[in-house]
1. Principal axis extents for the protein assembly as shown, Cα atoms only, whole Å, descending order, please.
2. Take the Cα radius of gyration of the stretch A:47-278 and divide it by 2.2 N^0.38 Å, with N its residue count; two decimals is plenty.
3. About its Cα centre, how strong a charge dipole does chain B have in debye, to the nearest 20, once Lys and Arg get +1 and Asp and Glu get -1 at the Cβ?
4. Can you work out the PRE-style zone for A:ASP73? Point 7 Å along Cα to Cβ, and I want the residues of the stretch A:190-229 with backbone N under 18 Å.
5. What share of Cα pairs, in percent, lie more than 12 angstrom apart in the stretch A:170-210?
6. With a ≥ b ≥ c taken as the square roots of the eigenvalues of the C-alpha gyration tensor of the stretch A:119-160, please select rounded if a/c is under 1.5 and otherwise prolate if a/b is larger than b/c or oblate if it is not?
7. If each residue's Cβ is checked for other Cβ atoms within 10 Å, how do A:TRP140, A:TRP181 rank with the fewest at the top?
8. In percent, what relative contact order does chain B have, based on Cα pairs under 8 Å that are 6 or more apart in sequence?
Amino acid sequence: MRRVLSVIAGLIAAALAWEGYKAAGDPEGTVLFGVRVLPRADDLSMPHLSAIVQRLADPEMTGGRPVWIVVLDACLFTLGITAAGFLAGTAIGLVLAAAMQRFRIVERGLLPYVILSQTVPLVALAPLIAGWGGTLMPPWACVSVIAAYLAFFPVAVGMLRGLQSPSAAGAELMRSYAAGWWRTLMKLRFPAALPYLFPALRLAGAAAVVGAVVGEISTGTRGGIGRLIIEYSREATSDPAKVYTAMLGAALLGLLVAGTVSLLELPLMRHRRHVEVVTL
Amino acid sequence: MKLSRILLASVLALSACGTADTPSTPAPGASGALTPVKLQLQWFFQAQFAGYIAAVDQGFYREQGLDVELLEGGVDIVPQTVLATGKADYAIAWVPKALASREQGAGITDVGQIFARSGTYQVAWKDSGITKAADLAGKKVGNWGFGNEFELFAGMTKAGIDPGKDVTLVQQQFDMQALLKKEIDAAQAMSYNEYAQLLEAKNPATGQLYTADDFVIIDWKTEGSSMLQDAVWANTAKLGDPNYQAQTVKFLTATIKGWAFCRDNAEKCRDLVVAKGSKLGKSHQLWQMNEVNKLVWPAAGAGVGVIDDAAWKQTVEISQTTKNQTGDTVLKAAPEGLAYTNDYINQAIEQARAAGVDVTGSGFQPATVTLTEGGA
């Protein structure tokens, strides 16, 4: 209840800040020494919230569906892409982390490339992956691959850190029980890694959303919210409120994914106290 | 810029290895079955590609034994690269950009210059006093960059302005807000898209839509610095294969029919584009159809799609000599090898004419389109 209230309070604060700046800010924006420090507050740059809500209710085009249904549809489509990318990325990240923990040589050999992978610009990667669409996989799956590519990284790095977190004493104790690598992993390392895993998963969730939206924009995959943003932003000249409807959708999608990932945490974090004892 | 070139080159090199086992083109219609053909567009479905959309919808490609799939573009999809890497059979691309890709190793050939004219404008406010390229001196000039700016730069250079010193260059977004907010004095705009967006926006001072009287257009066609735009590009290596040659003629024949259909049925073609899921409104789309028709029709010479030698030379010359703000030219040297050929389009024109298609459209009269707010 308290949480719901604070969310609502947050929304109201954001709305007040928006309208407040519109009322108080300079319509031409504030320029200091030739550098724009505050954005313009005119209707073209910052439409009134009421205009945005009105735009959500109006049809997208003459005789078309209302914008909010179009946006919701697009969000659901992108949610599917994000979920597929998140699951694939997490699975890959977990396997990589386990392999790197098990074999020191793998960690030495692989970790630099895992980090390097995130420095490859999506601009270069997306057209390559887009080329798989239609032959190897449906076009939406290409976008999932891009989402997974961004999502696996925090999981791999965070989980590796988590798997390595038990103290030497803990590991030695397991050895004295004659526990093998797998058993040590399941009984000691994996539970100890959970506090590291969940923040990593949250990062991965956010990365998957970004990957899905950017991937859609980059490859032009139709149906999702990323594509909708770019289509609507082309109309920003004559219909500025429309752009914000799509952005609201994307923000909603991000919140939804973040919320879902933190829900995942609830049943599993029962182990937390247990972990703390082991890692002492 | 350098990095992207290296990346492109390596992408091309990688894919060149991968295309060795591509099956050769089957003879179109040889076995009675339709030959699948992929056409890569430059952007999302919109009236700019209406001729191809109509040729699919009206069954013109099917008549020729081709099952054509249209691939939409995206922000990072480079049609000529998709073509060169064998992921599409044909691609639509602007000539200068495609020539730049050729110089970096993409084996592609212009086989049909569908847009005979350029649709690039530089738009300014009427009260700004700008009427021609020379007036841009000392002004804030918006441009898109990424190779879309060379007509502007060539036009300014021709008018005696040094684009690097005499104007303030501003990187422009894909919308026209910067001009409306007077952050820039002149904005780059396509006649069939961004210019229409201006006329769909409401003037807060009057509560009415802006009209053409509020703006001045610098048209690079009249300034003499226009470059060739939308063309059909084919894979150069595959053009050695008689079956691909035959397929190219058939593809172009149906494409001519599609564009002739859209010339004579602009509203029907608008509806086809809207039905394809374009998010742009109906009046905007009809405007675009009409403006695009102006770029295609009337077709000079033998008919639509024939590459005009003089226009080609002008495009290549500007590509080689005009420097953008980073000092780059589009091309370092004149295009080598088979950069363009009229062999196939001439055959296609003959076949289309024999089938009763008006291939020159000499009687074409553009319509007057009224835009509504937001292009709805």
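Taken together, the values in this text are just the output of simple stated rules run on the coordinates, not laboratory data. Owing to the predicted nature of the structure, the values given are computational and were not obtained by experimental measurement. Cβ placement follows ideal geometry from the backbone for every residue including glycine, while neighbour counts extend to all protein chains displayed.
1. 92, 66, 50
2. Working: Rg = 21.4 Å, N = 232, 2.2 N^0.38 = 17.4 Å.
Computed over Cα atoms of the stretch A:47-278, the ratio equals 1.23.
3. Values: 32 positive and 40 negative charges, 50 e Å.
Charge dipole, chain B, about its Cα centre: 240 debye, nearest 20.
4. Of the residues in the stretch A:190-229, A:221-229 have backbone N under 18 Å from the label point off A:ASP73.
5. Values: 516 of 820 pairs.
That tail contains 63 percent of the Cα-Cα pairs.
6. On the way: a/c = 3.79, a/b = 1.84, b/c = 2.06.
Judged from the Cα gyration tensor, the stretch A:119-160 comes out oblate (a/c at least 1.5, b/c at or above a/b).
7. Values: A:TRP140 21, A:TRP181 12.
So the ranking, lowest neighbour count to highest, is A:TRP181, A:TRP140.
8. Values: 737 pairs, mean separation 94.3, N = 376.
Answer for chain B is 25 percent.
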